[in-house]
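Chemist: Here's a structure for you.
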Amino acid sequence: VAKHAGRNRFSYFTPDIRDSAWARLRVIDELRQALARCELQVHYQPIVDLASNAIVKAEALVRWRRPDGTLVLPQQFIGVAEETGLIGEIDAWVLSQAVPCAMRLGELTGAPFQISVNKSPAGFMSRLIGHTWDEDMALLDRVGARIAVEITEGVLLDDSPGVRDKLARLQRAGVQFTIDDFGIGYSSMAYLNKFKVDFLKIDQSFVKDMLTTNPNSQIFAETIIAMAHRLGLKVIAEGVETVGQRDWLRQAGCDYAQGFLFSPATTEERFAQLLQAGAA
Ligand code: C2E
Ligand code: MG
Ligand code: MG
Ligand code: MG
């Protein structure tokens, strides 16, 4: 098996092989090394104001740049990282990169710039990562709303004191909250009553087919936008790839959009160029 894996470096990421304990250990080990050797990178994807076309903020997305130069995308390692608690360290590292990046971009534009970071449910629930959580808070207490945290509905449905307490600490620090992948989760909306969030992100599956195979997606998007606005929340559409989708979302009153139409996630350097080109 080792020989085979050595020849095809992606083979041990396939779901069936990943299930074996051996392969899991190997990925865990590689991920630990990746963290220690600084093989992880953060890329930033613009989030655009649909009314003005200006870049208003960014989402931080982690990438794994292997020594041979290949770029590994999150879906190939986030799952294992979540199962092992390593996600806590990854998310903390991403945050430690995103905070100074938000400061630099703010200086560049002369106005506060917000970066949103993803936080896995496992990062809220794991007991292994207490130390990184305190490091997170030390950073976040100083920068507050320069950071938004993207969570999925499951986190807000968790009633355990540990999760509640962490959410409350983030909120006291002034961090903003985005519900990621909205509409495909539990679809219980009561948590929006108990916990103040700032943004809803319409899941990209609705955007993908709204103008082609599934007109119902337009109804879902309109409903999410109407509900969000009546609750005082802003709406971000993700996965916007075409001018048609952008125009439809704009006329539907969606506030912000993110997608390959504007730019994929990119290095801070290229992101800064996009930001300056937009401002000019
Ligand atoms: P997400 O948070 O929903 O992020 C959006 C994903 O959609 C990103 O994939 C982004 O590159 C991709 N995307 C953006 N625009 C388009 C588009 O127009 N079309 C299509 N088809 N895709 C688009 P990515 O970077 O591969 O990340 C996948 C997921 O991995 C993320 O979904 C998030 O759940 C997770 N993830 C990424 N970075 C982190 C991280 O630092 N921590 C944690 N816990 N999770 C992360
Ligand atoms: Mg996200
Ligand atoms: Mg999303
Ligand atoms: Mg998603």
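Chemist: Report those helices (runs of 4 or more DSSP H) wholly inside segment 142-201 carrying at least 2 residues which are crowded, with 21+ Cβ neighbours inside 10 Å and among the polar types (S, T, N, Q).
Modeler: Filter on segment 142-201 gives an empty set.
Chemist: For residue 34, state whether it is outside any loop (DSSP other than H, G, I, E, B), touching a strand residue (DSSP E or B) at 6+ places or on another chain (Cβ under 6 Å), modelled with pLDDT under 95 and over 30 Å from residue 255 (Cβ atoms).
Modeler: Against the criterion (outside any loop (DSSP other than H, G, I, E, B), touching a strand residue (DSSP E or B) at 6+ places or on another chain (Cβ under 6 Å), modelled with pLDDT under 95 and over 30 Å from residue 255 (Cβ atoms)), residue 34 qualifies.
Chemist: Turning to a different aspect of this structure: Return yes or no: is residue 220 surrounded by 14 or more Cβ atoms within 10 Å (Cβ to Cβ), away from ligand 1 (no atom under 15 Å from the Cβ) and under 12 Å from residue 183 (Cα atoms)?
Modeler: Answer is yes for this residue.
Chemist: Within segment 185-195, identify whether any single residue is of a type in the set (Lys, Arg) and within 16 Å of ligand 2 (Cβ to nearest atom), and answer yes or no.
Modeler: Within segment 185-195, not a single residue is of a type in the set (Lys, Arg) and within 16 Å of ligand 2 (Cβ to nearest atom).
Chemist: Among (1) of a type outside the set (D, E, K, R); (2) modelled with pLDDT of 90 or more; (3) surrounded by 15 or more Cβ atoms within 10 Å (Cβ to Cβ); (4) more than 14 Å from ligand 2 (Cβ to nearest atom), where does residue 213 come up short?
Modeler: (3)
Chemist: Please specify each residue of segment 83-106 satisfying the condition of being within 19 Å of residue 43 (Cβ to Cβ), surrounded by 20 or more Cβ atoms within 10 Å (Cβ to Cβ) and among the small types (Gly, Ala, Ser).
Modeler: Answer for segment 83-106, where residues must be within 19 Å of residue 43 (Cβ to Cβ), surrounded by 20 or more Cβ atoms within 10 Å (Cβ to Cβ) and among the small types (Gly, Ala, Ser): 92, 98, 102.
Chemist: Is it true that some residue in segment 145-161 is farther than 19 Å from residue 41 by Cβ, more than 16 Å from ligand 3 (Cβ to nearest atom) and at pLDDT 90 or above?
Modeler: Yes - at least one qualifying residue is present in segment 145-161.
Chemist: What number of residues within segment 223-239 are more than 16 Å from ligand 4 (Cβ to nearest atom) and surrounded by 13 or more Cβ atoms within 10 Å (Cβ to Cβ)?
Modeler: Filtering segment 223-239 for residues more than 16 Å from ligand 4 (Cβ to nearest atom) gives 223, 225-234.
If we keep only those that are surrounded by 13 or more Cβ atoms within 10 Å (Cβ to Cβ) too, we end up with 225-229, 231, 233-234.
Total satisfying the criteria: 8.
Chemist: Right, next: Specify which of the listed residues (52, 20) is among the hydroxyl-bearing types (Ser, Thr, Tyr), at pLDDT 90 or above and either under 30 Å from residue 177 (Cβ atoms) or more than 16 Å from ligand 4 (Cβ to nearest atom) (or both).
Modeler: 52
Chemist: Still on this model: State all residues of segment 149-200 that are in contact (Cβ under 8 Å) with a residue 60 or more places away in the chain and of a type in the set (D, E, K, R); if no residue qualifies, say none.
Modeler: If the condition is that a residue be in contact (Cβ under 8 Å) with a residue 60 or more places away in the chain and of a type in the set (D, E, K, R), then 150, 180 are the ones that fit.
Chemist: Same structure, new question: Just checking, which of 261, 200 is within 16 Å of ligand 1 (Cβ to nearest atom) and under 15 Å from the mean Cα position of the chain (by Cα)?
Modeler: 200
Chemist: Right, something else. How many of the residues in segment 40-66 are within 10 Å of ligand 1 (Cβ to nearest atom) and touching a Cys at 6+ places or on another chain (Cβ under 8 Å)?
Modeler: So the answer is 2.
The values are calculated or read from the model by the stated rules, or taken from the named source; none is laboratory data. In this text, all values refer to a predicted model and were calculated from it rather than measured experimentally. Don't worry about glycine lacking a Cβ; one is built from the backbone with ideal geometry, like all the others, and counts go over all protein chains shown.
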